[in-house]
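Please read the structure below before turning to the comments.
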Amino acid sequence: MDLEWMAWTLPTAVFFLGIAALLLGMTFWQHLSPTRLRRGLLPIPTTRGDRLFVGLLASAFLHLAWLALTPFSLWIALGLSVLLLVSVLRLG
Amino acid sequence: MKRTENPRAWWLVLPVLAVVAFSALIPLMTVVNYSVQDIFGPGQRVFVGAEWFREILHDERLHSAFARQLGFTASVLSIELPLGVAIALAMPTRGAGVSACLVILALPLLIPWNVVGTIWQIFGRADIGLGGAFVHALGIDYNYAQNPADAWLTLLVMDVWHWTSLVALLAYAGLRAIPEAYYQAAQIDGAGAFGVFHHIQLPRLRGVLTIALLLRLMDSFVIYTEPFVLTGGGPGNATTFLSQYLARMAVGQFDLGPAAAFSLIYFLVILALCFVFFTVLTAGEER
Amino acid sequence: MTLHKRHVGLGIYFGFLLLPIYWMLNMSLRHNADILGSFQLLPLVPTLDNYATIVSDPSWYSGYLNSLAYVGINTLLSLAVALPAAYAFSRYRFLGDRHLFFWLLTNRMAPPAVFLLPFFQLYSTFGLIDTHLAVALAHCLFNVPLAVWILEGFMSGVPREIDEMAHLDGYRFPRFFVTIFLPTIRAGVGVTAFFCFMFSWVELLLARTLTTVHAKPIAAVMTRTVSAAGLDWGLLSAAGVLTILPGALVIWFVRHHLAKGLALGRV
């Protein structure tokens, strides 16, 4: 089967593997200690999965805003996103 | 209704997952791959990182296409939802009239989208179309092919014509599902028509209106075929919505990279919008 | 008095719905020169020539069959996979259920223009191009989520006691599902099938991209017939009217079921 048309590159492959690993990890974590619905800084009660989704979506927008508003390297945005994701997961 | 915890329910969901993932995930991944490369042809591509995203985000034409899209979607929603509910309320509840009303209502929904464009292309023309001729007879110089405002309005009217029925059908279904006892209770309390609507019908319609709102939001955001037939995005760029713009880039100029980057940004925006609506509207339900 | 007013309003709206369709019908019964020459509310010299031109093209009825084939496959496929899933969503909680549900919905939002090329290549890779199955599968992308959503609504309206009684009576799940549960939500299945049919029938962009000859949809055949003859309004209208007919027939046949289904449903 020829998959050249999918035009894979190393960075995108790493990205998708990262997402997959994240989902697997979350499933495993859920298995170890099940999440409970709780109310944090976000205006709605959330589970761990909800917070992961919100965090990832927010990270995506952070990257876009970074590209649109600053001339600096995206690596800084990536670093900030990781911080954002962790804080949403913990506090959201 | 209380739902029980059952991890084995995943097996029941698996077929859906397989069918949808096949058509959804692989193309999505491909589009992500496109978005970080400059593609010249089969096998000829160069990694460019986030360049396309940066370029697209600073592109004036994108901003205006996006603004037009938001304006169109907001207008469509603010007309179709109230109108659809009003129609559902006005529909007869029993008798032979019900079937007749449903048939007429459903008719626009079952017309292929390119034909919907054709219908309005003909109907709106001042020389041979009834609608266009009528507006002309009122003394308004109306021409959807040359006047941007007219083109925009024609598309709006076409969309209302095309899709209000969907809202009306869903709302009608929701109204019919309200038990008779609720109305009797309201009657005893001496509630007027507005009171009944406000306190009984509207709350019970929440579920179907969520469906209607999200469907119309999603579908109007990717509207393509009808404007393509009716105006081709013109005159000028007046009706070039996001999908038109994308198609021009991807198919017309074969700029796959920028088009992919653009569609991902667009996808993220609508994902966020839908998430907010979905969360807010289903917040009251049992989770 | 209010009853009266609301019926007038409804009448006006239905007029607005029907007029453009009527106008196309009117155009389709006249020659192009006649259309451009004079403005007539009723065709004074009705002619069926436009229809004759289209019907004499041998590819037009295969277009009908193709469209019906992939729409049929899609409706069956969507229902087959959506029924168990909707049951799961309505009865059980499981890890990631809400996220899965939302993810399903997001598949309606993909802007088709850019996804056409990957779609084409994906289906080429599996040798599906120009088959009915290709279009049916592609349409599952937006129909399956909708089917799950609507069915879930109907199923949630069915009391759990039915499930438990059947279980006590010794029914195994598949048998219970087919012989007891499905008949209970018959109306819901009908409404869902109608919506699947509708969205698959009207979609053209994917259907046209994934087919070349053997599975070409009717709407694409029609427009090709017309463009070959230049901008002939009469012919264009006739083609349009012919593409509306099957949909209109379907509504006519399901009208009572639709009324009943919509009336029972907590969609």
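The values are calculated or read from the model by the stated rules, or taken from the named source; none is laboratory data. Predicted, not measured: the structure shown is a model, and the values here were computed from it. Methodologically, a virtual Cβ is constructed for each residue, glycine included, from the backbone with ideal geometry; neighbour enumeration extends over all protein chains shown. Keep in mind that these areas ignore ligands, DNA and RNA; they rest on the heavy atoms of the full protein, side chains included. Shrake-Rupley method; radii C 1.70, N 1.55, O 1.52, S 1.80 Å.
Some observations on this one:
- When each of the peptides C:73-83, C:37-47, B:146-156 is scored by how many other beta carbons lie within 10 Å of its residues on average, the order from highest to lowest is C:73-83, B:146-156, C:37-47.
- Pairwise Cα distances in chain A exceed 15 Å in 69 percent of cases.
- Between chain C and chain B, roughly 9200 Å² of accessible surface gets buried, counting both sides and using a 1.4 Å probe.
- Near-label residues of region A:64-92 by backbone N, under 18 Å of a point 7 Å along Cα→Cβ of A:SER33: A:86-92
- What region B:205-252 shows is 24 Å² of accessible area per residue, with the surface traced by a 1.4 Å probe over protein heavy atoms.
- Overall dimensions of region B:46-281, expressed as equivalent-ellipsoid semi-axes from the Cα gyration tensor (√(5λ), whole Å, largest first), are 37, 25, 14.
- Residues considered: A:PHE53, A:PHE61, A:PHE15. Largest GNM mean-square fluctuation over chain A, using C-alpha springs under 10 Å, is found at A:PHE15.
- Remark: mean inter-chain Cβ contacts per residue of A:69-81 equal 1, using a 10 Å Cβ-Cβ cutoff to other protein chain atoms.
- Max mean-square fluctuation residue, GNM over chain B, Cα-Cα springs under 10 Å, options B:GLY84, B:GLY192, B:GLY132: B:GLY192
- For region C:1-47, the orientation-averaged shadow of the C-alpha convex hull comes to 3.8 nm² (one quarter of the hull surface).
- B:ASP189/C:THR184 FRET efficiency (R0 30 Å; Cβ-Cβ; nearest 0.05): 0.35
- Among C:ALA113, C:ALA85, C:ALA238, the largest mean-square fluctuation in a Gaussian network model of chain C (Cα springs under 10 Å) belongs to C:ALA113.
- As computed over region B:109-188, the Cα convex hull volume per residue (Å³): 137 Å³
- On region A:22-92, 77 percent of the accessible area sits on carbon and sulfur atoms, based on a 1.4 Å probe.
- With the simple spin-label model, which puts each label point 7 Å out from Cα in the Cβ direction, the C:VAL55 to B:PHE254 separation comes to 4.4 nm.
- For chain A, the longest principal axis of the Cα atoms and the long axis of helix A:10-32 meet at an angle of about 20 degrees.
- Span from the region B:74-88 Cα centroid across to the region C:171-206 one, whole angstrom: 28 Å
- Inter-chain Cβ neighbour count for C:13-26, averaged per residue, equals 6 (cutoff 10 Å, partner chain atoms only).
- Computed Rg/Rh of region B:11-80, alpha carbon atoms with Kirkwood Rh: 1.16
- CD proxy at 222 nm, helix term only [per DSSP H run n ≥ 4: -39500 (n - 2.57); per residue of the protein assembly as shown; nearest 500]: -23000 deg cm²/dmol
- Averaged per residue, region C:122-267 has 39 square angstrom of accessible surface, using a 1.4 angstrom probe with ligands and nucleic acids left out.
- Between A:LEU80 and B:ARG8, the FRET efficiency from the beta-carbon distance, with R0 = 30 Å, is close to 0.15.
- Cα centroid separation - region C:102-123 against region C:39-58, whole Å: 39 Å
- Sorting the segments C:136-144, A:69-77 by their mean number of nearby beta carbons within 10 angstrom, highest to lowest, gives C:136-144, A:69-77.
- Sulfur and carbon atoms: percent of accessible area, chain C [1.4 Å]: 70 percent
- Kirkwood analysis of the protein assembly as shown, using all unique Cα-Cα pairs, places the hydrodynamic radius at 26.5 Å.
- Radius of gyration (Cα atoms) of region C:57-264, expressed as a multiple of 2.2 N^0.38 Å: 1.18.
- Across the options B:GLN37, B:SER220, B:GLY192, the greatest Cα extent toward the positive end of the charge dipole of chain B (unit charges at beta carbon of Lys, Arg, Asp, Glu) belongs to B:GLY192.
- 10 Å Cβ neighbours from other chains, averaged over peptide B:57-64: 1
- Projected label distance in nm at C:GLN40 and A:PHE16, using a 7 Å step from Cα toward the beta-carbon: 6.0 nm
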